[in-house]
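Structure, as structure tokens:
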């Protein structure tokens, strides 16, 4: 049973946006995830923060979507940060080395503080 992905965008400042993720990141999530990324990237957004607190499930296709998003972020000269990952998904990020490209924080406050500091 899958929970369809619901990704909502919050604009934090002129240069940072948060994508709140609720549900599953699987191949079926591509359209909503990429639409949220496009929305989050409007204007002069330099940093995209992924909020994984509402993540229910992510499979290898979901990891692939994050890699696709990461490539787009890098092409746009943006930064991708994340918070709210469960211990299980933190381990997966380490195994796939996504944690080397996406900075992972314990909570939103820590990620927002990192936005203010240079990369």
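The values are calculated or read from the model by the stated rules, or taken from the named source; none is laboratory data. What you are looking at is a predicted structure, and each value in this text was computed from that prediction instead of being measured. Positions of Cβ are backbone-derived with ideal geometry, glycine not excepted, and every protein chain shown enters the neighbour counts.
For this structure, a couple of remarks:
- In this structure, residue 8 does not qualify as surrounded by 18 or more Cβ atoms within 10 Å (Cβ to Cβ) and touching a residue at least 24 places away in the same chain (Cβ under 8 Å).
- Count of residues meeting criterion [part of a loop (DSSP other than H, G, I, E, B) and surrounded by 14 or more Cβ atoms within 10 Å (Cβ to Cβ)] in the range 64-84: 2
- Residues (in a helix (DSSP H, G or I), under 20 Å from residue 103 (Cα atoms) and touching a residue at least 24 places away in the same chain (Cβ under 8 Å)) located in the range 27-63: 33, 34, 36, 37, 40, 62, 63
- For the range 85-106, a tally of residues being within 15 Å of residue 55 (Cβ to Cβ), assigned to a loop (DSSP other than H, G, I, E, B) and either free of Cβ contacts under 8 Å to residues at least 12 places away in the same chain or under 13 Å from the mean Cα position of the chain (by Cα) (or both) returns 2.
- The range 12-26, subset modelled with pLDDT under 95 and over 20 Å from residue 106 (Cβ atoms), residue surrounded by the most Cβ atoms within 10 Å (Cβ to Cβ): 15
- Options 82, 116: the member that is without any contact (Cβ under 8 Å) to a residue 12 or more places away in the chain and either within 20 Å of residue 14 (Cα to Cα) or within 12 Å of the chain's Cα centre (by Cα) (or both): 116
- Residues being surrounded by fewer than 15 Cβ atoms within 10 Å (Cβ to Cβ) and either more than 17 Å from residue 3 (Cα to Cα) or touching a strand residue (DSSP E or B) at 6+ places or on another chain (Cβ under 8 Å) (or both) - total across the range 27-55: 6
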